[in-house]
Amino acid sequence: MTLAAPCAGGRTAARPGARALDRGLPALAAVTALIEGLPDAVWLVDPADLRVLAANAAAGRLLAVPAASLRGRSMAEMSSTPQDLCFWTEVAAGLSEGIVSETLMTRADGGVLPVMRSVCRVALDDHAPNGGAAPSVYVVALHDCSSERRTQQAHETLLAELQATLESTADGILVTDLAGRIGACNQRFAALWEIDPALLARRDDAALRDAMLARVAEPQAYAERLTAIEGSTLLQTSDVFTLRSGRVLERVTLPQLSRGRAIGRVYSFRDITDKLAADRRIEQLSHTDALTGLPNRRLLADRVEFALAMAQRDGTPFAVLFVDLDRFKHINDSLGHLFGDQVLADVARRIQGCLRQIDTVARLGGDEFVMLLHQTDGAGAEATAQRVIEALSRPFVQGGLNFTVTCSIGIALCPQDGATMDELLRHADKAMYSAKEGGRAGYRFHQPHKDVDLRSRMRLDHAMRQALADGRFRLHYQPQVCLTSGRVVGAEALLRWRDPELGEMAPADFIPIAEESGFIAAIGDWVLTEAVARAAQWHARGLRIVTAVNVSALQFHKPDFVDRVAAVLRVSGLPPGQLDLELTESILIQDAQEALKRMQALAKLGVLLSIDDFGTGYSSLAYLKRVPIHQLKIDRSFIDGTPDDESDVAIVRAIVDMGRALRLQVIAEGVETEPQRHFLQRAGCNHYQGFLFAPALPAPDFERLASARARRAMRLVSG
């Protein structure tokens, strides 16, 4: 409202009942003085016309106007709401005296204040003259409730926010006092416990407790635990229990504190059913193979450790069997990995069907399985291996296809084959590879001597690599002699190696290891470079001979082999026609089309090509017609029996005749006797090499021998 200005001179117009009020003026003045000292806003209102007779300073401050300006104002002017008008109408009728009510007051600055208003009628004179009405006034007290209202609103806001927080949390919350009486809860609590909302609305603590107990799988244990919690005021704890529905709840209990003093307890409930299931699944996956469901390496290790402990305690034997499927890669490559996974799952089931309940089969990965056989000796392990091989030999049916899967099994026994899981697995793995080397689809026991062989091979492989790095390899040259003229026409470069610790090493001892490890390619490259460089020196000195260099299959199939040969010839300056590359028959049958292209590229360089150890491989005669070779070398195994062994004689004659038919030179190696040389000469062989003429010689010795033979041949021609 807007406060009206007082009448001119601050006086009010005459009004009915003024004479009665005039009689009480002394008392009115006293009351006016009295209200001035009150802290709350107070008006004195004339009952006759409901106008302000006096107002204290607090009333002026309340309405932001001078207190004197309020005199003469009517209650109608000062009413802010229709309800106020109705209220003062009732006051005038004597219906609302002595009441206390809330209302709003409008300040001069436009602000609205909530106030608590009380109205009472106070008599100014106890005696009414001539039987008239005793003078009286209404005392209107106004208490500013702004601060209380702000506090109340803040409190309500805080409660609303706290309730919203309770409802926003994922946990069910229940708050009680120290006596267990329920103070608050959220909807999540009701949902977890499946509590009827009507029950919560009744706020019946006993009924709510009974409902919760009825939903717990073990109510007695739950009640005992709850009693123990409530008996300890400051206890902080958590526990887990199961509901009849099968859901698992976790309860966290914390004391509710106010100013450091416990005033109640807060329970939070969380449904951990899915989490427990996920944890169990994670735990299961951490110990099992996802594809087959079999134990994995981790679980296998635990069970092997248990078996080892039993073996150490009372000597209980056990066996470890390493199973690897034969040529399983073909299934994945041809039919896809999804198909292969289905086969692996079927294999796992078949292996499990061959074991006892106390035994374990684990999948290590790929197509590798390991069986742990408790309380088993060699005979028991062998019987199990046979059952597994038979089970897998039965036809598999997948995707409408019928096929067979075989396996190779290696067996290691405890304690004789190892005292740790690593040893047993390693030995069983080696035995499995021995089974594969033996033809697959079988089993082998671990053989301790093979470990010694393997360590020796590792030591030899390391020594070879050091020998190449340190320059310990050397070449000797065995003369190749014309059977008709006796002249040295060529030299085969042969590798020699003397190790400071191992002594003189025969090529037959270290070349197979070099081939197996792949180091033969590096060695072959060194031999090619050294032999070509030496041949170039001989050529520069007038010694016109062909130098033969052996080429391994691994070296030949390297992508840059042809380029490497061309580079070596270019650097050395040796005419290509004085280099003879001796290739084994295995080179011809490994990727025959690619091999033919490379041989044609070498022939285009002008290099000579020979087939080494001819007759021991699987050369196709039709293929021999296509390859650009110039010579066949008869293997020494066929020369050993000549001229007495009819089979060797027949084979050698056949090779010589075939060479002549293909217009190829033929050379025999390993010739050690005169009868052998005479036989080869009569058979029509072109050249030979062997101890009969000379062993492999160091380069200087070979050069002297070859030069002497060349001079002798020249003298014979000139003479």
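Values as computed for the structure displayed
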| read-out | value |
| --- | --- |
| Failed item, numbered, when residue 422 is tested on (1) outside any loop (DSSP other than H, G, I, E, B); (2) under 26 Å from residue 330 (Cα atoms); (3) open to solvent by 10 Å² or more (accessible area, probe 1.4 Å) | (2) |
| Flag if residue 13 is touching a Cys at 6+ places or on another chain (Cβ under 7 Å), modelled with pLDDT under 85, assigned to a loop (DSSP other than H, G, I, E, B) and under 23 Å from residue 92 (Cα atoms) | yes |
| Single unsatisfied condition, residue 405 versus (1) in contact with a His (Cβ under 9 Å, 6 or more places away or on another chain); (2) open to solvent by less than 70 Å² (accessible area, probe 1.4 Å); (3) farther than 25 Å from residue 302 by Cα | (1) |
| Which numbered condition residue 190 fails, given (1) in contact (Cβ under 8 Å) with a residue 24 or more places away in the chain; (2) open to solvent by less than 30 Å² (accessible area, probe 1.4 Å); (3) more than 23 Å from residue 257 (Cβ to Cβ) | (1) |
| The one condition in (1) farther than 17 Å from residue 354 by Cβ; (2) surrounded by fewer than 22 Cβ atoms within 10 Å (Cβ to Cβ) that residue 394 fails to fulfil | (1) |
| Candidate set: region 534-544, residues that are in contact (Cβ under 8 Å) with a residue 40 or more places away in the chain and open to solvent by less than 50 Å² (accessible area, probe 1.4 Å); chosen: the one nearest to residue 711 (Cα to Cα) | 543 |
| Residue in region 206-222 that is under 13 Å from residue 267 (Cα atoms), of a type outside the set (A, V, I, L, M) and exposed (fewer than 13 other Cβ atoms within 10 Å of the Cβ) present | no |
| Wholly enclosed helices (runs of 4 or more DSSP H) of region 631-712 bearing at least 1 residues open to solvent by less than 10 Å² (accessible area, probe 1.4 Å) and under 20 Å from residue 585 (Cα atoms) | 636-639, 646-661 |
| Cross-chain or 6+ apart pairs with Cβ under 6 Å, region 148-177 first and more than 26 Å from residue 102 (Cβ to Cβ), then among the basic types (Lys, Arg) and part of a helix (DSSP H, G or I) | 172/188 |
| Residue satisfying condition, being closer than 30 Å to residue 593 by Cβ and out of contact with any Gly (no Cβ under 6 Å at 6 or more places or on another chain), within set 493, 506, 540 | 493 |
| Count - residues of region 237-262 that are among the basic types (Lys, Arg) and surrounded by 14 or more Cβ atoms within 10 Å (Cβ to Cβ) | 2 |
| Residue, modelled with the lowest pLDDT, within region 257-269, restricted to residues that are on the phi < 0 side of the Ramachandran plot and out of contact with any Pro (no Cβ under 9 Å at 6 or more places or on another chain) | 258 |
| Flag for residue 205 being of a type outside the set (Gly, Ala, Ser) and closer than 29 Å to residue 260 by Cβ | yes |
| Of residues in region 547-587 being in contact with a strand residue (DSSP E or B) (Cβ under 7 Å, 6 or more places away or on another chain) and open to solvent by 40 Å² or more (accessible area, probe 1.4 Å), the one modelled with the lowest pLDDT | 584 |
| Filter result (part of a loop (DSSP other than H, G, I, E, B) and closer than 16 Å to residue 350 by Cβ) within region 368-414 | 394, 395, 404, 405, 406 |
| Verdict on residue 508 being outside any loop (DSSP other than H, G, I, E, B), open to solvent by 40 Å² or more (accessible area, probe 1.4 Å) and more than 23 Å from residue 633 (Cα to Cα) | no |
| Region 464-485: number of residues that are of a type in the set (Gly, Ala, Ser), modelled with pLDDT of 90 or more and open to solvent by 10 Å² or more (accessible area, probe 1.4 Å) | 2 |
| Flag for residue 288 being within 30 Å of residue 420 (Cβ to Cβ), β-branched (Val, Ile, Thr), surrounded by 15 or more Cβ atoms within 10 Å (Cβ to Cβ) and within 37 Å of the chain's Cα centre (by Cα) | yes |
| Which numbered condition residue 272 misses (of (1) at pLDDT 90 or above; (2) over 30 Å from residue 294 (Cβ atoms)) | (2) |
| Region 321-361, subset touching a Ser or Thr at 6+ places or on another chain (Cβ under 9 Å) and small (Gly, Ala, Ser), residue least open to solvent (accessible area, probe 1.4 Å) | 348 |
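One line per residue, one yes/no per condition, for (1) touching a helix residue (DSSP H, G or I) at 6+ places or on another chain (Cβ under 9 Å); (2) modelled with pLDDT of 90 or more; (3) closer than 19 Å to residue 162 by Cβ:
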site: 187; (1), (2), (3): yes, no, yes
site: 222; (1), (2), (3): yes, yes, no
site: 249; (1), (2), (3): yes, yes, no
site: 255; (1), (2), (3): no, yes, yes
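The values are calculated or read from the model by the stated rules, or taken from the named source; none is laboratory data. Remember, it's a predicted structure, so these values are computed and weren't measured experimentally. With ideal geometry, Cβ positions are generated from the backbone for all residues, glycine too; neighbour counts draw on all protein chains shown. Ligands, DNA and RNA are stripped out before the accessible areas are found, and what is left, the full protein with its side chains, is counted by its heavy atoms. Shrake-Rupley method; radii C 1.70, N 1.55, O 1.52, S 1.80 Å.
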